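To start, the structure under review is shown below, and the notes come after it.
Derivation of every value follows stated rules applied to the coordinates shown; laboratory data play no part. This one's a predicted model, so the numbers in the text were calculated from it and none came from an experiment. Backbone-built Cβ (ideal geometry, glycine too); neighbour counts: all protein chains shown.
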Amino acid sequence: MRFRGYIDLMSQARLLEEIITRHEQLYEAMRRAPLLGVSNYYIGGGCLTQTVWNYLCGLPLDYGINDMDLVYFDQEKISFEEEALVIQKGKELFADLSLKPDIKNQARVHIWYEERFGYPIQPYTSVEHAIDTWPTTATAIGMRWEKNACKIYAPFGLHDLFGMIVRANKVQITKDIFDKKVMRWSRTWKDVIIIPWESDII
């Protein structure tokens with residue numbers, strides 16, 4: 001099942017919220033996330049996108065999801081040790097859930113990025129700035145609950161998410177990184193539409 005035709009952004013956002021609340025483990029993680037004690041955060045990326053894809057494909061909502069990205073931004077505490085304290089607190093907070101948290105302070109990503117990926121990046125200025133650079137338009141998305149309301153940050157909108165379209169966000173990633181994601185995702189979700197790296201459409 002893939003959405004065809006036009007669905008307005010507000011309807012997409014409501015449907016996204018409804019789907020996520022059906023994923024019991026992910027929804028519970030979102031309910032607990034404020035207890036982590038970081039004010040500027042989102043749960044996002046693949047765990048959201050793949051939950052939606054699973055819903056559209058009639059699969060169990062947790063199918064193929066390895067972890068849960070929780071990103072925050074704290075410019076005042078960018079040491080490895082300070083981030084490690086938040087990571088440990090997250091491990092304890094979500095210990096009984098099947099989704100294991102991958103927690104990162106986006107204010108310090110530039111410190112280790114070149115060693116891991118082979119090229120440097122400029123420091124992010126906010127958690128939203130970090131999401132702006134995530135590898136694909138369908139996965140550049142974050143959610144959190146604020147006072148019983150859902151807040152969604154999706155710089156490329158939600159059309160590619162619901163269309164199961166994998167399109168590179170070339171702001172930061174390389175073709176090699178994109179191709180590896182495409183290979184893995186297309187094996188797991190047969191209905192995804194791959195927009196080739198060489199395409200200028202975004």
Subset of segment 145-160 that is outside any loop (DSSP other than H, G, I, E, B) and in contact with a Gly (Cβ under 9 Å, 6 or more places away or on another chain) - its residue that is farthest from Ala130 (Cα to Cα): Lys151
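If I filter segment 97-115 for residues that are more than 19 Å from the chain's Cα centre (by Cα), more than 18 Å from Leu35 (Cβ to Cβ) and of a type in the set (A, V, I, L, M, F, W, C), do I get at least one hit? Break it down into steps so the answer makes sense when it comes.
Pass one, segment 97-115, residues more than 19 Å from the chain's Cα centre (by Cα): 111-112, 114-115.
Filter once more, so that each one left must be more than 18 Å from Leu35 (Cβ to Cβ): 111-112, 114-115.
Checking which are of a type in the set (A, V, I, L, M, F, W, C) leaves us with 111-112.
Yes; the residues of segment 97-115 include at least one that is more than 19 Å from the chain's Cα centre (by Cα), more than 18 Å from Leu35 (Cβ to Cβ) and of a type in the set (A, V, I, L, M, F, W, C).
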Has segment 62-78 got any residue that is surrounded by fewer than 16 Cβ atoms within 10 Å (Cβ to Cβ), closer than 26 Å to Trp197 by Cβ and under 15 Å from the mean Cα position of the chain (by Cα)? yes
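Among the residues of segment 68-76, is any over 28 Å from Glu17 (Cβ atoms) and out of contact with any His (no Cβ under 8 Å at 6 or more places or on another chain)? So that I can check it myself, show each step before the final result.
Looking only at segment 68-76, we keep the residues that are over 28 Å from Glu17 (Cβ atoms), and these are 75-76.
With the extra rule that they be out of contact with any His (no Cβ under 8 Å at 6 or more places or on another chain), the set shrinks to 75-76.
The answer is yes; a qualifying residue exists.
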For segment 146-202, which positions are buried (at least 16 other Cβ atoms within 10 Å of the Cβ), small (Gly, Ala, Ser) and closer than 30 Å to Leu35 by Cα? Ala154
